[in-house]
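Peer 1: Please read through the structure below; I'll follow up with questions.
The values are calculated or read from the model by the stated rules, or taken from the named source; none is laboratory data. Since this is a predicted model, take the numbers as computed values, not measurements. Methodologically, a virtual Cβ is constructed for each residue, glycine included, from the backbone with ideal geometry; neighbour enumeration extends over all protein chains shown. Heads up: the accessible areas ignore ligands, DNA and RNA and are worked out on the full protein's heavy atoms, side chains in. Shrake-Rupley method; radii C 1.70, N 1.55, O 1.52, S 1.80 Å.
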Amino acid sequence: MKTCTRAQDLFGAFWDDEITRAERDWLEGHFRDCTACRSEYDAFARTLEAVQELPRAEARLREAGFGAD
């Protein structure tokens, strides 16, 4: 479980592509060996993808007439 905690600590940086090559290699190897962490990361990634699809608050406020020049 200690390795799973380490893997989970890297999820955000892995998503943002802000980890070292060694960390990436280690995490990808862990994903091959640990289906639980792979599934958890996949759910994490799907959540971030869904959030990115949401309209930005500023755009909705502009559409409502707020913040117009």
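Peer 1: With all protein chains present, how much of the accessible area of the chain (probe radius 1.4 Å) comes from carbon and sulfur, to the nearest whole percent?
Peer 2: Summing carbon and sulfur atoms, their accessible area is 51 percent of the total for the chain.
Peer 1: Just to confirm the filter: which chymotrypsin sites (Phe, Trp or Tyr not before Pro) across the chain are DSSP coil and have at most 12 other Cβ within 10 angstrom of their Cβ?
Peer 2: Of the chymotrypsin sites (Phe, Trp or Tyr not before Pro), the ones in loops of the chain whose Cβ has at most 12 other Cβ atoms within 10 Å are F66.
Peer 1: Let me ask something additional. Tell me, which cysteines of the chain are without a disulfide-compatible partner by the Cβ under 4.7 Å rule?
Peer 2: For the chain, the answer is C4, because their Cβ atoms have no other cysteine Cβ under 4.7 Å.
Peer 1: Let me ask something additional. Go ahead and run the numbers for FRET between D25 and A57, Cβ-Cβ distance against an R0 of 30 Å, rounding to 0.05.
Peer 2: 0.20
Peer 1: Grab the DSSP H runs of the chain that are 4 residues or longer, score each as -39,500 (n - 2.57), total them, divide by all residues and round the 222 nm result to the nearest 500 deg cm²/dmol.
Peer 2: -24500 deg cm²/dmol
Peer 1: Still on this model: With every protein chain kept in place and ligands, DNA and RNA left out, what is the accessible area per residue of the chain? Probe 1.4 Å, answer in Å². Could you put the intermediate results ahead of the total?
Peer 2: On the way: 5440 Å² over 69 residues.
That works out to 79 Å² for each residue.
Peer 1: Still on this structure, I have one more. Restricting things to alpha carbons, tell me how big the chain is in terms of Rg and Dmax, in Å.
Peer 2: Expressed in Å, the Cα Rg and Dmax of the chain come to 17.4, 55.
Peer 1: Rounding to the nearest 10 and keeping the result within 0 to 90°, find how far the Cα-based axis of helix 2-15 lies from the longest principal axis of the chain.
Peer 2: 40
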